[in-house]
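*Asks:* For reference, the structure I am asking about is given below.
Taken together, the values in this text are just the output of simple stated rules run on the coordinates, not laboratory data. On a predicted model such as this, the values are computed, not experimentally measured, just so you know. Counting neighbours? That spans all protein chains shown, and the Cβs are built from the backbone with ideal geometry, glycine included.
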């Protein structure tokens, strides 16, 4: 009803003065009112007599569903046909012509191998047969005497010589009858059948017939398989090949079942990047352009961001005894649109609802608009808090705050200021914190040219090109310094995975603490759980004392025990039970977190490409090393509770890039 009503409004608006003949003409463009963008495009496709994919549109008014229909605002969309682009039609035709010409001109060379001709003798109930296989290449053909010799060795004495000569002359590879069959049952070929325990295959072992004995046929082998219970999967080609090639005394797979094939699970084919990996690039002089990365991916309205590939049905298997083996169907899944995206009508595509930056967070694709500051963030702009991504062309000055639900990108420096984001933070210059800067991302990585006197917190990784000096750094992933200087000196650094730099510490033996294999966030969770557990244990001790007191009073007072105390005892016992459950849950959660921390500790390493100076303390998985001497080109790992110094391990990512460059 709503669709018909909208169509009537559209016709009334655009064609109210037109007669019957002009109503039948297809307009070049029109304006549509609809409950959604998809509905508007469907109406436009119908009226313009074309497919939705051929439409260009402009949203004049964005709609709103309102609350229970109250305050509903329809979408107003201007729709037109896209012009056909025939610029490359001639080139496409030329491409087809060239491809056909290439196919016609292909010459496939065959390698001819030299092989002598062969004579085979087969004895069946229907007679004695001779098969003469012609030679290949410069191979020698079969002559009559060698064919007769083959017959004699097969126990055939009486035969039609003319038929032998004919078979040798024609050498067709077909069976030619040369004698009648004379039974010799004791010399006949035999076979044994073995069924695999899982009933998925059957093998036969064929014995060679003695002179004058009969050969087996394919039909006889299949009959023997059937007699052993085989009903399905006969491999006639393998049986025939084994008999022709006289494969005696070796197992031959004569029947095979079909293994069940589980259907593939449904999955989402993302058309945009969801894993923003940082790739280091070097110029010809070997310098790392550390800050030149694709960290922002822009999309336009109507762009397909992801497509749901549906689950596949499983294909049941079958044993050679005809038993059906069920297969699992693939698991289905649903796509849920995030903020700034819409789901297509069939539920198979996620489409950008507006222009902006696409991000992947919490398992959903979202399109976020970007807030841009053309200069510095200072007194003129005030603090910035934005539910999207923020781009600052200049610097962030003292005492300012920038908070974003998406990414933050700073073109200049960050001074004694605070940055907080849920996504990535990129600082094109550096951080001059003066012990007052705090840079934190709760869901991404941080990239900067240098960091000095600042507190850095990152859920994922930290990438710095020049130096980290006298700062407190807490990173869930890895810390990488990859510039020309790449020095880490002073302060406290903690990383869930590894730390990689060129210089660690300084000649002046500056105290520097580096802890790897410890995730700061998980460590904090363990501390919080232990604090909660301690509080619960304190409460439980008091409750247990009260329960003992009340139980003692109940035993001594018996019938005179007051009802209100009985009610209090019941409540105390219930609270005691709940606290015990909470303590058990806390213990399990702490154990799981510690197990995960132990797994992380296995990846904890410190790589120093150039110099490790005295004054540096390194902790890996509770092992501690205080550096007293100078070391060059080393990697530090934990082994059997001690920190071991081994030769420097190169960055595999960098090695792979250099290999590609040399190729």
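*Asks:* Quick one: which of 195-201, 41-47 comes out on top by average Cβ neighbours within 10 Å, and what's the full order, highest first?
*Replies:* By packing density, highest mean first, the sequence is 41-47, 195-201.
*Asks:* Sticking with this one: Name the shape class, rounded, prolate or oblate, that the alpha-carbon gyration tensor gives for segment 183-244, where a ≥ b ≥ c are the square roots of its eigenvalues, rounded holds for a/c under 1.5, and otherwise prolate holds if a/b is larger than b/c and oblate otherwise.
*Replies:* prolate
*Asks:* Another question, then. In whole Å, how far is the Cα centre of segment 549-601 from that of segment 113-172?
*Replies:* The two parts, judged by their Cα centres, are 94 Å apart.
*Asks:* For a test of the definition: using alpha carbon positions, the gyration tensor, and the 1.5 limit on a/c, classify segment 523-593 as rounded, prolate or oblate.
*Replies:* The shape class here is prolate.
*Asks:* So how do 126-133, 449-456, 535-542, 216-223 stack up, highest first, on mean other-Cβ count within 10 Å?
*Replies:* So the peptides 126-133, 449-456, 535-542, 216-223, ranked by packing, come out 449-456, 126-133, 216-223, 535-542.
*Asks:* Assuming R0 = 60 Å, can you tell me the calculated FRET efficiency for the pair residue 143 and residue 327, based on Cβ-Cβ distance, to the nearest 0.05?
*Replies:* Result of the calculation: an efficiency of 0.60.
*Asks:* List the relative contact order of segment 523-593 as a percent without decimals, with contacts defined as Cα pairs under 8 Å and 6+ residues apart.
*Replies:* 53 percent
*Asks:* Continuing with this model, one more query. Pulled fully out, how much extra length does the chain show between residue 312 and residue 568, if you take 0.36 nm times their separation in residues and subtract their Cα-Cα distance?
*Replies:* Computed gain between residue 312 and residue 568 is 86.2 nm.
*Asks:* Further question: Given an 8 Å cut-off on Cα distances and at least 6 residues of separation, report the relative contact order of segment 131-171 as a percent.
*Replies:* Averaging sequence separation for qualifying contacts and normalising by length gives 55 percent for segment 131-171.
*Asks:* What FRET efficiency comes out for the pair residue 640/residue 301, r = Cβ-Cβ distance, R0 = 51 Å, nearest 0.05?
*Replies:* Plugging the Cβ-Cβ distance into 1/(1 + (r/R0)^6) gives 0.30.
*Asks:* Going by how many other beta carbons lie within 10 Å of each one, how would you line up 558, 315, 321, fewest first?
*Replies:* 558, 315, 321
*Asks:* Ordered by packing density, taken as the mean number of other Cβ atoms within 10 Å over each peptide's residues, highest first, how do 513-524, 363-374 rank?
*Replies:* 513-524, 363-374
*Asks:* If the chain between residue 602 and residue 116 were fully stretched, how many nm would it gain, using 0.36 nm times the residue separation less the Cα-Cα distance?
*Replies:* 168.6 nm
*Asks:* Please compute the length gained on full extension between residue 617 and residue 275, using 0.36 nm multiplied by the number of residues separating them and subtracting their Cα-Cα distance.
*Replies:* Using 0.36 nm per residue and subtracting the Cα-Cα distance, I get 119.7 nm.
*Asks:* For an R0 of 56 angstrom, estimate the FRET efficiency from the Cβ-Cβ distance between residue 580 and residue 393 and round to the nearest 0.05.
*Replies:* 0.45
*Asks:* Next up: Between segment 367-392 and segment 302-340, how many Å separate their Cα centres?
*Replies:* Segment 367-392 and segment 302-340 have Cα centres separated by 44 Å.
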